[in-house]
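The values are calculated or read from the model by the stated rules, or taken from the named source; none is laboratory data. In this text the structure is predicted, and so the values were computed from the model without any measurement. Cβ placement follows ideal geometry from the backbone for every residue including glycine, while neighbour counts extend to all protein chains displayed. The protein model used for the area step is the full one, side chains on, heavy atoms only, and it has no ligands, DNA or RNA in it. Shrake-Rupley method; radii C 1.70, N 1.55, O 1.52, S 1.80 Å.
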Amino acid sequence: MTFIAGTAGTDWGMTAVEWAAIEAQRRRAALRIVHAFDWDWRESRFDIGNEYVDAGRHLAEAVVAEAEHRARECAPGLDITTDTPIGHATPCLLEAARGAELLVIGSRGRGGFAGLLLGSVSQHLATHAPGPVAVIRGHAVAGGPIVAGVDDSPAAEQILAAAFDEAAVQGCGLILLRSVAAAIPPWLTDVRRADVLSPEDRTAELRRIEDQLAPWRDRYPGVAAETVLTQDTAASALVHRSRDARLVVVGSSGHGAVGGSLLGAVGMQLLHHASSPVLIVRGEVAR
């Protein structure tokens, strides 16, 4: 089992490495730290020797050396390797993530990291990465719960698998949030609407959710999982809950009660506005 941590050498990139190291140690996984440096500078078009590419490589090696040092401070004894591929961050990280259990990146980068802000890289990876992607932003609240947005689509099983497993490994509570708000245009996602569910409807919805959760409660009897129904949109409710969470778990695409066809957009809004790390579940969750 291998985790991939992408870093640009920025504060957020190093925070992502530290988070990945702790998570990898919890799961007895190996950690591979990747820093891609883009050799597409103007000087490369001219015959001026190798000094520029050598300088870029030395800088990349310094970045991963510092990242490895930070990772070993967080997780002594962890199996760590480093890699400094030449190229744009997105394809390099996508290639590195093939066969990995988790790709971990920070919320912000810098121009030198493939000329892109990491927000743009994160959005592409959340859509195209072959497996789960953790975007480290805000701060994980010590003692806080895992929060997961769950709908009734087939993707919900992957989200539940990741959320229950994270709660079990981290020894914390789990809040499963189900939005019963009607799907509305994205520019109205912050509008709060009056409660439209009758007590009978709410009871029936909770019973239906409990049927969905029953196999997971049996599999993880030690996880205290709370179900929360909200009339707010999924994006608004999850962003609000992230303020007191250690991690928010959502799917990369789907449909159903949480945001309807906008579930992909919910994940993207969390990448930009959540106050805690965000786990975008994609593909098979191998734990």
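The table for this structure:
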| item | result |
| --- | --- |
| Heavy atoms of R217 accessible to a 1.4 Å probe, total area in Å² rounded to 10 | 70 |
| Computed label-point distance, nm, for sites E73 and D244 using a 7 Å Cα→Cβ extension | 3.2 |
| Heavy-atom SASA rank of R28, R208 (probe 1.4 Å, accessible area, largest first) | R28, R208 |
| Cα→Cβ-extended label distance, 7 Å offset, between H124 and H139, nm | 3.2 |
